[in-house]
Amino acid sequence: MCRRRRRRNGVTVSLPVVPAPASIEPSAGSFPLVPATAIDGDPDAAVALRRVIEARTGLMLDAGPEAARRVILGVEARADRGAPESYRLVVDAETVTVTGADAAGLFYGVQTLGQLIARDGDGWMIPAVTAQDAPRFAYRGVMLDVARHFHPVPTVKGYIDRAASLKFNVLHLHLSDDQGWRIELHSRPRLTEVASATAVGADPGGFYTKADYREIVEYAASRHMIVVPELDMPGHTHAVGLAYPELAEEPVLSDSIRQVAHEYGGGLPTAGTAYEGMAVGFSSLKIHDEATYDFVADVFGELAGMTPGPYLHLGGDEALGTAPEDFALFVARATAIISDLGKIPIAWHEAGAADGIADSTVGQYWGYVAPTDGADDRARAFVAHGGQVILSPADAIYLDMKYPLDPSTPAGRQLGLTWANGPTSVERAYAWEPSDVVAGIDEDDVLGVEAPLWTETIRTPDDIDTMAFPRIAAAAEAAWSPATGTSDLRTWESFRARVASLGPLWTRLGIGFHRSDEIPWVTE
Ligand code: ACM
């Protein structure tokens, strides 16, 4: 077993790398990070490295011809270049070498390097290490709900930067819900003309123009992330009914919807009126009307043409106002439409109940770490149809759950919800193992891990930072790092020490993380 800790001033500290690398080995000495350091090699990776060095240290490297030391950034040229997205990092007193199996791997090696930068007296250094690293899962996602509250392009770009620094490679955008439709589609212009202006709590809405969406997709690609757009159906579609009333059923008002209206306000949903509350499960598209499938073909067809990534997400959750057999029919037809567009459908796990679901549809599990109510059966059904599963256990990595009560925060200012087994501590966000959630499926059946951030109570970039950080780092580790218990880094004690050491970097990057008292934060 290799040593993964170094001793500094007689104190053993973890190298502050999150998510934990597959292997990282300290050695003696360090690389002094001085202005006269040359960065050679791949220009995109050099830009990414200069960005993190400048943010962390304020240094603008300007080596000139007589460079004292070198950082060499490259993509492996040999045919046998290693697993996709993997990298090798070697730091000694003279040279730093980052070699990616591909451009993404090189980018991830640069992120690791950025996390390793440390103070050295009045200057800066990078400890000598050798790291060999590759992701456990191919799909490592974050989801941002831009429907309950709209979040403009600069906020989304900021979230992309934050997620990419933790080696996430998917941004899932929840683009439509009862409260608003957020993406301009020329085939159905009334969606944004009529149904985008509102949000939860009578806050202003908004939407992405096609140019905005392209900007997000391109920015994500520059950070080695794909965008997975979600148009949620057949439920969560009250806003569709504002724009195209002929497609929508009347709201189905259950006791639980009346209870949410009573507790959180926002009134009861009424056909033809914008909905600004937080209840779920009352809306449905008309299942037995061909106009619905013309709509599905139009919106996903146009979105497919705008989305270079392989996935389109059709939602499928909480269709509580839709009869089960109607839901199954809708899922079969909508997933077939998406497959016929040459894209891979993704749906929330409820859609696993549909026998006729298109082969290879990916299921997104949002039940608990210990499944209840057959949620795991639904997830296994995707595998039976040749698909895979994304794990988003709500009581671990739903980033919109409240933190445990912090006596220093007035109750009225505590963001988030509690329905997923109550508040979620950082330790609970960390202490789960992807292979243990849905019994009976293999490691290969898990496409990956995704941390959703629903935004009923989340309105600003600061709110996003507070709820996401530090718990997003736990999700990153579940998605990237070796399985729990297979290395001495994959423990809560190691994780909290490594996250603690990232406090200064996150501060310099302007990330307003929650200073959870579970983490022994390092300050400078
Ligand atoms: C969900 O949380 N309704 C997917």
Could you tell me how many of the residues in segment 487-504 are part of a helix (DSSP H, G or I) and either at pLDDT below 95 or under 13 Å from LEU15 (Cβ atoms) (or both)? 7
What tally of residues in segment 268-322 results from selecting those that are among the hydroxyl-bearing types (Ser, Thr, Tyr), part of a loop (DSSP other than H, G, I, E, B) and farther than 22 Å from GLN364 by Cα? 3
Top-ranked residue of segment 332-348 - restricted to ones that are free of Cβ contacts under 8 Å to residues at least 40 places away in the same chain and within 15 Å of the ligand (Cβ to nearest atom), ranked as surrounded by the most Cβ atoms within 10 Å (Cβ to Cβ): ALA347
More than 16 Å from the chain's Cα centre (by Cα) and farther than 30 Å from ASP178 by Cα, is that true of ALA104? yes
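Could you run through segment 202-250 and say how many residues are charged (D, E, K, R), touching a residue at least 60 places away in the same chain (Cβ under 8 Å) and under 27 Å from GLY448 (Cα atoms)? Don't jump to the end; show me each part of the working.
Initial filter on segment 202-250 (charged (D, E, K, R)): 203, 210, 212, 214-215, 218, 223, 230, 232, 246, 249-250.
Filter once more, so that each one left must be touching a residue at least 60 places away in the same chain (Cβ under 8 Å): 203, 210, 214-215, 223, 230, 232, 249.
Of the ones still in play, those that are also under 27 Å from GLY448 (Cα atoms) are 214-215, 223, 230, 232.
So the count comes out to 5.
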Flag for VAL383 being β-branched (Val, Ile, Thr) and within 26 Å of ALA431 (Cα to Cα): yes
Filtered residues of segment 379-398 (kept if under 17 Å from GLU433 (Cα atoms) and crowded, with 24+ Cβ neighbours inside 10 Å): ALA379, VAL389, ILE390, LEU391, SER392, PRO393, ALA396, ILE397, TYR398
Of all residues in segment 166-203 being acidic (Asp, Glu) and within 18 Å of ARG459 (Cα to Cα), the one that is surrounded by the most Cβ atoms within 10 Å (Cβ to Cβ): ASP177
Between a first residue in segment 158-172 that is at positive phi and free of Cβ contacts under 8 Å to residues at least 24 places away in the same chain and a second residue that is of a type in the set (Val, Ile, Thr) and surrounded by fewer than 22 Cβ atoms within 10 Å (Cβ to Cβ), which pairs have beta carbons less than 8 Å apart while being 6 or more apart in sequence or on different chains? none
Per-region count, segment 305-331, residues in contact (Cβ under 8 Å) with a residue 12 or more places away in the chain, away from the ligand (no atom under 14 Å from the Cβ) and of a type in the set (Asp, Glu): 1
Unmet criterion (only one of (1) under 26 Å from the mean Cα position of the chain (by Cα); (2) surrounded by fewer than 22 Cβ atoms within 10 Å (Cβ to Cβ); (3) hydroxyl-bearing (Ser, Thr, Tyr)) for SER254: (1)
How many residues are in contact with a helix residue (DSSP H, G or I) (Cβ under 7 Å, 6 or more places away or on another chain) and surrounded by 21 or more Cβ atoms within 10 Å (Cβ to Cβ) when one looks only at segment 480-504? 3
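Consider VAL280 carefully, then state whether it is within 16 Å of the ligand (Cβ to nearest atom) and within 29 Å of ASP203 (Cα to Cα).
Numbers: within 16 Å of the ligand (Cβ to nearest atom): yes; within 29 Å of ASP203 (Cα to Cα): yes.
Here the answer is yes, as VAL280 does meet what is asked.
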Considering only residues that are polar (S, T, N, Q) and not in a strand (DSSP E or B), which ones fall in segment 91-146? GLN111, THR112, GLN115
Between residues in segment 42-69 that are buried (at least 16 other Cβ atoms within 10 Å of the Cβ) and residues that are outside any helix (DSSP H, G or I) and among the polar types (S, T, N, Q), which pairs lie under 6 Å by C-beta distance while being six or more apart or on different chains? LEU61/THR37; ALA63/THR37; ARG69/THR37
Residue pairs, Cβ under 9 Å, 6 or more apart or interchain, first in segment 187-199 and farther than 25 Å from MET278 by Cβ, second surrounded by fewer than 24 Cβ atoms within 10 Å (Cβ to Cβ) and of a type in the set (Asp, Glu). List them. SER187/ASP298; SER187/GLU302; ARG188/ASP298; ARG188/GLU302
So, in segment 358-367, of the ones that are assigned to a loop (DSSP other than H, G, I, E, B) and away from the ligand (no atom under 12 Å from the Cβ), which residue ends up surrounded by the fewest Cβ atoms within 10 Å (Cβ to Cβ)? ASP359
Among the residues of segment 423-476, how many are within 16 Å of the ligand (Cβ to nearest atom) and part of a loop (DSSP other than H, G, I, E, B)? 8
Quickly run through segment 304-331 and pick out the residues that are out of contact with any Phe, Trp or Tyr (no Cβ under 8 Å at 6 or more places or on another chain) and surrounded by 22 or more Cβ atoms within 10 Å (Cβ to Cβ). TYR311, HIS313, PHE327, PHE330, VAL331
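The values are calculated or read from the model by the stated rules, or taken from the named source; none is laboratory data. Treat the numbers as computed from the prediction; the structure is a model and nothing was measured. Heads up, the Cβs are rebuilt from the backbone with ideal geometry, glycines too, and the neighbour counts pull from every protein chain shown.
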